[in-house]
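Report on one structure; see the data block that follows.
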Amino acid sequence: MNGQIAGFLVIYGIALCIARKLCDKFFNRMPKERIAMTLKDTAKLMVSDDYKDRFRAEYFQLKIRYDKLCAMLNKWDAGTLEFAPTCSRNLYDGQMRAMRWYLCVLENRARLEGVDLKGGEDDG
């Protein structure tokens, strides 16, 4: 069954959160201040033999990129962006929505598979 139910996208019977507020509420999104790592910091997790480490690396990498895109768009809105974007704002907004949806999918999977997304690289 596909469709929409009160802010959720339903694909093959699975409700996936598509609005950031709902993701924050239902999937306990990691606060921004907890992600102090860079993409380079995720390299060790990416090559781990443990799939949960690789899963966390995938999530952290996407979250870092998503936060950077949000910061860029906030600067654009404030008129403080240091460069002139070559793509339309609409295209960037679509990218942000896709990234947010992917974050929600990963957060839902993490919850179901028991993968801790709250800790940093050195956390157990």
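The values are calculated or read from the model by the stated rules, or taken from the named source; none is laboratory data. This one's a predicted model, so the numbers in the text were calculated from it and none came from an experiment. When we count neighbours, we look across all protein chains shown, and the Cβ atoms used for this are built from the backbone with ideal geometry, even at glycine. Just the protein is used for accessible areas: all its heavy atoms, side chains included, with ligands, DNA and RNA removed. Shrake-Rupley method; radii C 1.70, N 1.55, O 1.52, S 1.80 Å.
Observations, loosely collected:
- Residues with amide H under 5 Å from that of Leu117, placed H, sequence gap 5 or more: none
- Those GluC sites (Glu not before Pro) in the stretch 76-115 that DSSP places in a loop and that have at most 16 other beta carbons within 10 Å: Glu82
- Evaluating 6.51 cos²θ - 1.76 cosθ + 1.60 at θ = phi - 60° for every residue in the stretch 77-87, the Karplus couplings come out as 4, 7, x, 10, 5, 7, 9, 9, x, 8, 8 Hz, glycine and proline recorded as x.
- With a Förster radius of 30 Å applied to the C-beta separation of Cys87 and Lys40, the computed FRET efficiency comes to 0.70.
- Computed from phi, the 3J(HN,Hα) profile of the stretch 104-117 under the Karplus parametrisation 6.51, -1.76, 1.60 (θ = phi - 60°) reads 5, 4, 5, 5, 5, 4, 4, 4, 5, 9, x, 9, 7, 9 Hz, with x in place of Gly and Pro.
- Rolling a 1.4 Å probe across the protein heavy atoms gives the stretch 56-110 an accessible surface of 52 Å² per residue.
- Surface accessible to a 1.4 Å probe, Phe55 within the full protein complex, Å²: 10 Å²
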